[in-house]
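Undergrad: The structure that follows is given in the form of structure tokens.
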Amino acid sequence: MARAKHKLTAKLVAKLAKVDGRHGDGDGLYLRVAGTSAKWTLLATVQGRRREYGLGAYPEIDIATARVNAEEKKKAVADGDVAVKVRAKPQTFGEFAWSYVNGQADGWRNSKHEAQWRMTLSVQKDEQGRWLDSGYCTSIRDLPLSAIGQDEVLSILRPIWLAKSETAARTRARLETVLGAAIAAKLRPGPNPAVLRGSLEYFLPKRTKLQRGHHAAAEIDRVPAIYSRLRDSASSSPLALAFLILTATRTGEAIGATWGEIDMEKALWTIPPERMKAGRQHVVPLSAAAVEILKEMRPKAEGFVFPNPKGKQLSVMALTMGLRRIMKEGDPHMTVHGFRSSFRDWAGDRTSFQRDDIEQCLAHIVRDATERAYRRGSALDKRRVIMETWASFVANNAVDSL
């Protein structure tokens, strides 16, 4: 009677790869797991003795390839040629890029940087470990590393080279880095098809000097009306945007806020270094209006302050779409980040607050280290006055029309 075969599935293997032991697929094929090591093996009888042969490591060798290797090894054993090499599955761009980002992430400033790499390279996964169809490199994600040439890279860059110049530049640079690492690891031949100078530059349209433009901001006197409309809602997205306006913080800082960062008694919000653009802790004095929003969100011991319906972090687009819904058709380019500029214009043009105190409200680095250390204590009280004055302007000057 033939032994059962193909007991495992790719999804089950991904789970078993974390469980110590020997897990059988049938007909002598096993996944042997010890700690962080997982490898495929074949148990076969040779001249009356039970022997075990290696078939490659998981996940470099997936279950389908392991089965092919097992059949070839069994044939070789039967023919007396037990030294036959197992077939290695060519590594894809997605697999290698995923591993590369994993290896580099610990040295990056924050999780946002890692998320940007994963998004542009199309190596984001859902909770079940499946690829998300997002980013700019989905067309090459499943291609073997050796199959990616200049044409494949150009097909990614041409649609965004002029329309999204900064994104295109970052995507190209990240492609060059990942493919360069693959060449260094001898997983593909050179030259690097993503190099710009002396290569791609001859096939991409010329553009003006790359520079980051200012984020489109709301006019100062329109901010109260926008804030008023946001406060008419009781859901996370508009309240998160209203909170962002009051605190003059960045999108990632607001949607990533957790209750563990909030001190309701002292009306302080302490954002840890890993969530700040400059990599330094930022303490935000909360105005009475900001505290009121927090109370409406019903403070908890832990979790996100402004969660999505599933209790997870809001997306960046949730705030953007929330803004678009309340704006007129003629304002498609107004951005969430632009409210920081609105705050800066208000503070600089309509108040007599000190410039350095205003810049600290925005978490900008001011002057030298000695000056920053000296101002650390007194600036908090001064900044509380600034934020309370800004909140009063925002909350009490709404007009009927945007």
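What follows is calculated from the coordinates using simple rules that are stated; it is not laboratory data. Predicted model only: the values in this text are computed from it and were never measured. As a convention, Cβ positions derive from the backbone with ideal geometry for all residues, glycine included, and neighbour counts pool all protein chains shown.
Undergrad: Do any trypsin sites (Lys or Arg not before Pro) in region 1-79 lie in a DSSP loop with no more than 16 other beta carbon atoms within 10 Å, and if so, which? Write out the running numbers ahead of the final one.
TA: Working: sites: R3, K5, K7, K11, K15, K18, R22, R32, K39, R49, R50, R51, R67, K73, K74, K75; in loops: R3, K5, K7, K18.
Counting only loop positions with at most 16 other Cβ atoms within 10 Å, the trypsin sites (Lys or Arg not before Pro) in region 1-79 are R3, K5, K7, K18.
Undergrad: In addition: Could you please report the charge total around K11, scoring K, R as +1 and D, E as -1 over all other residues with beta-carbon less than 14 angstrom from its beta-carbon? Numbers along the way, then the final one.
TA: Working: positive: K7, K15, K18, K125, R130; negative: D25, D62, D126, E127.
Value of the local net charge: +1.
Undergrad: While we're here: Per 10 Å bin from zero, what fraction in whole % of the C-alpha pairs of region 208-305 is there, up to the bin with the longest pair?
TA: Each 10 Å bin holds this share of Cα pairs: 14, 45, 29, 9, 2, 0.
Undergrad: Separate question: Sequence gap at least 6, Cα distance under 8 Å: using those rules, report the relative contact order of the chain to the nearest whole percent.
TA: 12
Undergrad: Apply the Karplus parameterisation 6.51 cos²θ - 1.76 cosθ + 1.60, with θ equal to phi minus 60°, to every residue of region 382-394 and state each ³J(HN,Hα) to the nearest whole Hz, in sequence, with x for glycine and proline.
TA: Once θ is set to phi - 60°, the couplings for region 382-394 become 5, 5, 4, 5, 4, 5, 5, 5, 4, 5, 5, 5, 5 Hz.
Undergrad: Residue by residue through region 124-129, what is 3J(HN,Hα) from phi via Karplus (6.51 cos²θ - 1.76 cosθ + 1.60, θ = phi - 60°)? Round to whole Hz and write x for glycine and proline.
TA: Here the 3J(HN,Hα) series is 9, 10, 8, 5, 8, x Hz.
Undergrad: With a cut-off of 8 Å between alpha carbons and a minimum separation of six or more residues, what is the relative contact order of region 10-78 in percent? Each step should come with its number before you reach the end.
TA: Values: 94 pairs, mean separation 15.1, N = 69.
The normalised contact order for region 10-78 reaches 22 percent.
Undergrad: May I pose another question? Given the -39500 (n - 2.57) contribution per DSSP H run of 4+ residues, what per-residue ellipticity at 222 nm results for the chain, rounded to the nearest 500 deg cm²/dmol?
TA: Numbers: 14 runs with 167 residues, N = 402.
Calculated mean residue ellipticity at 222 nm is -13000 deg cm²/dmol.
Undergrad: While we're here: If I take all pairs of Cα atoms in region 220-396, what percentage of them are more than 23 Å from each other?
TA: Numbers: 5845 of 15576 pairs.
Percent of Cα pairs beyond 23 Å in region 220-396: 38.
Undergrad: Using a Förster distance of 35 angstrom, determine the FRET efficiency expected from the C-beta separation of R280 and T389, and round it to 0.05. Intermediate values should be presented prior to the final figure.
TA: Working: r = 25 Å, r/R0 = 0.71.
The formula returns an efficiency of 0.90 here.
Undergrad: Here's a follow-up. From Cα pairs below 8 angstrom and at least 6 apart in sequence, can you work out the relative contact order of region 93-202, rounded to a whole percent? Mind dumping the intermediate values first?
TA: Working: 110 pairs, mean separation 25.6, N = 110.
Taking the mean separation of contacting Cα pairs over the length of region 93-202, I get 23 percent.
Undergrad: For a quick check of your reading of the filter: which GluC sites (Glu not before Pro) in region 216-301 sit in a DSSP loop and have no more than 14 other Cβ atoms within 10 Å?
TA: E219, E265
Undergrad: Using the Cα centre as the reference, give the magnitude of the dipole from point charges on the C-beta atoms of the chain (Lys, Arg: +1; Asp, Glu: -1; all else neutral), rounded to the nearest 20 debye. Write down the numbers at each step before the final one.
TA: Working: 64 positive and 45 negative charges, 249 e Å.
Around 1200 debye, computed over the chain.
Undergrad: Please give the length that would be gained between Q128 and K18 if that part of the chain were fully extended, namely 0.36 nm times their separation in residues minus their C-alpha to C-alpha distance (nm, one decimal).
TA: Values: separation 110, 0.36 × 110 = 39.60 nm, distance 1.46 nm.
Extra length available between Q128 and K18 comes to 38.1 nm.
Undergrad: Could you tell me the center-to-center distance, by alpha carbons, between region 94-159 and region 231-296 in angstrom?
TA: So the two Cα centres are separated by 31 Å.
Undergrad: Extent of region 93-202 along each principal axis, from alpha carbon coordinates, in Å, largest to smallest?
TA: 40, 34, 26
Undergrad: Might you report the magnitude of the Cβ-based charge dipole of region 106-174 about its Cα centre, with Lys and Arg at +1 and Asp and Glu at -1, to the nearest 20 debye? Write out the running numbers ahead of the final one.
TA: On the way: 11 positive and 9 negative charges, 52 e Å.
Computed charge dipole of region 106-174: roughly 260 debye.
Undergrad: Quick one: if the Förster radius is 35 Å, what FRET efficiency do S315 and R49 give, using the C-beta to C-beta distance and rounding to 0.05?
TA: On the way: r = 59 Å, r/R0 = 1.68.
Computed FRET efficiency for S315 and R49 comes out at 0.05.
Undergrad: Angle, helix 165-184 long axis vs. longest principal axis of the chain, Cα atoms, 0 to 90°, nearest 10?
TA: That helix lies at roughly 30 degrees to the long axis.
Undergrad: While we're on this one: Report the local net charge at A34: Lys and Arg +1, Asp and Glu -1, summed over other residues whose C-beta lies under 14 Å from its C-beta.
TA: Details: positive: K18, R22, R32, K39; negative: D20, E52.
Value of the local net charge: +2.
Undergrad: Equivalent ellipsoid semi-axes for region 222-279, as square roots of 5 times the alpha carbon gyration tensor eigenvalues: give them largest first, rounded to whole Å.
TA: Output for region 222-279: semi-axes of 22, 13, 10 Å.
Undergrad: Would you mind ranking T65, T45 so that the residue whose beta carbon has the fewest other beta carbons within 10 Å leads the list? Could you put the intermediate results ahead of the total?
TA: Values: T65 19, T45 10.
Going from least to most buried by this count: T45, T65.
Undergrad: Would you mind ranking T335, T270 so that the residue whose beta carbon has the fewest other beta carbons within 10 Å leads the list? Intermediate values should be presented prior to the final figure.
TA: Numbers: T335 17, T270 13.
Ordered from fewest to most neighbouring Cβ atoms within 10 Å, T335, T270 come out as T270, T335.
Undergrad: By what distance, in whole Å, do the Cα atoms of region 10-78 stretch along each of the three principal axes, largest value first?
TA: So the three principal-axis extents are 34, 20, 17 Å.
Undergrad: Something else about it: Cross-link list K15/K125; K11/K125; K15/K112; K11/K186; K18/K186: which exceed 23 angstrom alpha carbon to alpha carbon? Working shown, then result.
TA: Numbers: K15/K125 15 Å; K11/K125 14 Å; K15/K112 27 Å; K11/K186 29 Å; K18/K186 28 Å.
Violating the 23 Å Cα-Cα cut-off are K15/K112; K11/K186; K18/K186.
Undergrad: Can I ask one more? Once the chain is represented by equal point scatterers at the alpha-carbon sites, with solvent omitted, what log10 I(q)/I(0) does the Debye formula produce at q = 0.08, 0.10, 0.11, 0.15 Å⁻¹?
TA: -0.62, -0.85, -0.96, -1.31
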